[in-house]
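Bear in mind that the values in this text are calculations on the coordinates, not laboratory data. If you're wondering where the values come from, they're calculated on a predicted model, not measured in any experiment. For neighbour counting, all protein chains shown are included, and Cβ atoms are generated from backbone atoms with ideal geometry for every residue, glycine included.
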Amino acid sequence: MTGCAQNVSPQVAAQAQAPIYCENKQQCDAYWTKAKAWIAMNSGWKIQMADETVIATYSPIGNSAILGYQVVKTPIGGERHEIVVQTACANMFGCIPNAIEQTAKLKTT
């Protein structure tokens, strides 16, 4: 889920919507480590949970526009996994920073 969409380029929107797949344990571990580090450095919320399948920040509260993250790694056969990034904030006017832009940045890190 993302907050209210702001104007972003079609290229950035496509990057944010593109699926992430890893093909083997080594690649999946590398992606997972990068995702956790990126969230720790870029989220306004601390990481609440991080294990082999979920990385989640604390949930946005009140009317906070600060973006929160949840990343889930799901097996899809063999050693392949899909990694899904979800973002949310608690402000009906939008998130800071922009959810689509941040999702694209996380995915292209």
Within a Gaussian network of the chain (alpha carbon springs, distance under 10 Å), most fluctuating of GLN15, GLN86, GLN26 = GLN26
Under a Cβ-Cβ cut-off of 13 Å, what is the net charge of the residues other than ILE83 that fall near it, where Lys and Arg count +1 and Asp and Glu count -1?
-> +1
A chain fully extended from MET41 to LYS25 at 0.36 nm per residue, minus the present Cα-Cα distance, gains in nm 3.3 nm
Largest fluctuation, ALA88, ALA99, ALA50 only, Gaussian network model of the chain with Cα springs under 10 angstrom, belongs to ALA50
Stretchable slack from ASP51 to LYS105, in nm (0.36 nm times residue separation minus alpha-carbon distance) | 17.3 nm
List every DSSP H helix in the chain whose Cα atoms extend 20 Å or more along the helix's own long axis and whose mean Kyte-Doolittle hydropathy is at least -1.0.
-> 25-42
Dipole magnitude of the stretch 17-107, debye to nearest 20 (Cβ charges: Lys/Arg +1, Asp/Glu -1, about Cα centre) | 180 debye
Give the long-range amide H neighbours of ILE20: residues separated by 5 or more places, or on another chain, with amide H under 5 Å away, using H modelled in the peptide plane at 1.01 Å from N.
-> ILE83
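Would you mind counting up the charge near SER43? Only other residues with Cβ under 13 Å from its Cβ, with Lys and Arg at +1 and Asp and Glu at -1.
Charge balance in the 13 Å sphere: +3.
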